[in-house]
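Reviewing the structure listed below.
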Amino acid sequence: MKTIAILGGGFTGLTAAYRLAQKGYKVTIYEKGDSVGGLASGFEISGNNLEKAYHHIFKTDTDIIAITNELGIQDKLQWHDSSVSIYRKGKLYPFITPIDLIKFSPLSIFSRIRAGLVVLYLQKSSNWKNLQEQTAAQWMRRWSGRQVYNVIWKPLLLGKFDKFYDKISMAWLWARVHIRANSKQKGDSKEKLGYYKGGFIQVVNALENKLKGLGADITLNAAVDSIKTTHNKTEIKVNNQQYKFDAVLSTLPSNVFAKLIKEDSKKIKEYVSKLDSINYIGAVLNVFSYPESLSEYYWHNINDTSFPFLVFIQHTNLVGTKDYNNHHIYYIGTYVPHDHKYFSSNDKEIKDEWYSYLKRIFKDFEPEKIIENNIFKFKFAQHIVDTEYQNKIPDYKTPLKNVYLSNFSQIYPEDRGTNYAVREGNKIAEIIDKDLQLAE
Ligand SMILES: Cc1cc2nc3c(=O)[nH]c(=O)nc-3n(C[C@H](O)[C@H](O)[C@H](O)COP(=O)(O)OP(=O)(O)OC[C@H]3O[C@@H](n4cnc5c(N)ncnc54)[C@H](O)[C@@H]3O)c2cc1C
């Protein structure tokens, strides 16, 4: 039986492992953390499991919906009406229907019409390849106008990409608008978002159970330190132990994988520097439960660049409070570069700063009433999709024999997400299987 090591137990690694184990390979997952799930992993709050970073899926997320059905947990996936708002200069504006845009007073009437037409164009147009080499900042300023750019798009780009905000490719923003538009199905008056009753851990647990049934091993607290080819095998070092496999799949961020490669031929050096050219930004999240409802909306985009966070989410406005001991569950979130103070600040400093701003939006918010409270930090939360990105995307096959790479830096122009992690996990398993069969 051929052996395959999978580095990383996020949605990509778990899906690939499941597919390869189904094909009869002996699969071992090595996961650095103390649980699987990666960026979509959960924790316990108010009597339920919840993602450390806010998660939902769209109706267009066909790959994760398909695996949900296949795993027999379709009853857990529930669809809820979404509600979105924009916070600007002391006021929350609903942003759910086209009428809300027409009424959006921070923009002039002319700018509202222009903003709507540009979004409509992006929704209908499939011509994203022509947008790749233009920045979203330039393109939006040109076509939506300076006012729409400053009020709507610049705060979004700044919040999501911080110091990289004016480097982001318009192809990335096209994908966000285009795919999202198609997620509303005929007959739905509002956009529906999917959430697993009991959390995304439902998918993780179902995959783990299948993997165990197929004889796969999952090793936790196992940070892989190095990888090299020896004769016809690939050797990995984990917690000072060496293991040999017929093939290795890394699902780690590209520049983390680059550091593991312990070979230094010219070809490998060129490959490593290509991987290193992909920048990543981190995410910092505060998740808390609270006895009262603060807002009528699920999602709040903070379009005020003086605020230290991008988004405020009342999770229980999407899914209800019943599964959370009737508490209301909130996320505050932002994306920051690795050298940002939040990666060295203690939790209290972040909370104190954020709550002073939250009180500006919700005057009645009283931090002392918070029931449970957590800060989570992810260093490799999002890659920077700049105007040269199409030339940086690494291949699935690496220059190391029988070593493969599949991670969200290869998802383009779509934004990363659990759906694409499943899609990529399925795809890479096919590639590895074909190669190993040919080698026989
Ligand atoms: C703030 C935020 C909000 C999001 N919202 C949504 C959403 O609403 N809907 C949605 O579908 N998706 C969302 N996503 C994206 C989604 O979580 C990811 O696209 C998906 O989980 C990526 O899975 P992955 O397996 O490719 O990568 P990861 O989840 O990053 O998995 C990689 C794994 O590798 C492990 N690892 C790292 N180094 C090593 C090492 N040396 N050895 C062994 N293991 C290692 C990590 O611990 C991790 O578990 C969100 C992400 C963030 C950060």
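None of the figures in this text is laboratory data; all of them are computed from the coordinates on show. What you see is a predicted model; the values in this text were computed from it and never measured. A quick note on method: Cβ atoms are made from the backbone with ideal geometry, for glycine too, and the neighbour counts reach across all protein chains shown.
What's the local net charge at Glu44, with K and R +1, D and E -1, over the other residues with C-beta under 15 Å away?
-3
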Separation of alpha-carbon centers, segment 115-156 and segment 185-219, rounded to whole Å: 33
Determine ³J(HN,Hα), in whole Hz, for all residues of segment 368-376 in sequence, where each value follows from phi through the Karplus function 6.51 cos²θ - 1.76 cosθ + 1.60 and θ = phi - 60°; x replaces Gly and Pro. 5, 7, 4, 8, 10, 8, 9, 10, 10
What residues have an amide H closer than 5 Å to that of Phe58, excluding those fewer than 5 places away on the same chain, when H is modeled at 1.01 Å from N in the peptide plane? Gly194
Cα convex hull of segment 37-110, projected area averaged across orientations, nm²: 8.1
State, as an integer percentage, the relative contact order of segment 50-124 based on alpha-carbon contacts under 8 Å between residues 6 or more apart. 13
For segment 98-181, what does the relative contact order come out to in percent, with C-alpha contacts under 8 Å and a separation of six or more? 38
Once amide H atoms are built 1.01 Å from N in the peptide plane, which residues 5 or more positions from His328, or in another chain, come under 5 Å H to H? Tyr290, Glu292
What angle do you read, to the nearest 10 degrees and between 0 and 90, between the alpha-carbon axis of helix 11-22 and the longest principal axis of the chain? 40
Whole angstrom only: what separates the Cα centroid of segment 220-259 from the Cα centroid of segment 30-108? 33
For Ile29, what residues show an amide H to amide H distance below 5 Å, using hydrogens built from the backbone and excluding near sequence neighbours? Ile6, Asp217, Ile218, Thr219
Quick note, segment 98-181: a/c under 1.5 would make it rounded; otherwise a/b > b/c is prolate and the rest oblate (a ≥ b ≥ c, C-alpha gyration tensor); here it is oblate
If each part is reduced to its alpha-carbon centroid, segment 356-425 and segment 317-334 end up apart, in Å, by 22
Give, as a single signed number, the net charge of other residues whose beta carbon lies under 15 Å from the beta carbon of His328, with Lys and Arg counted +1 and Asp and Glu -1. -4
Please compute the alpha carbon radius of gyration of segment 170-258, then divide it by the globular-protein estimate 2.2 N^0.38 Å. Two decimals is fine. 1.68
Taking the Cα centre of the chain as origin, work out the dipole magnitude from +1 charges on Lys and Arg Cβ and -1 charges on Asp and Glu Cβ, in debye rounded to 20. 1140
Taking the 0 to 90 degree range and rounding to the nearest ten, how far is the long axis of helix 170-181 tilted relative to the main principal axis of the chain, both from C-alpha atoms? 70
Surrounding charge for Gln437, neighbours by C-beta under 10 angstrom, Lys/Arg +1, Asp/Glu -1, total 0
Can you work out the base-10 log of I(q)/I(0) for the chain at q = 0.07 1/Å, using the Debye formula on its C-alpha atoms alone? -0.36
If you project the alpha carbons of segment 279-332 onto the principal axes, what extent comes out on each, in Å, largest first? 40, 22, 16
In degrees rounded to 10, the 0-90 angle between helix 109-124 Cα long axis and the longest Cα principal axis of the chain is 20
Rounded to the nearest 500, the 222 nm mean residue ellipticity computed for the chain from DSSP H runs (n ≥ 4, each -39500 (n - 2.57)) alone is -10000 deg cm²/dmol
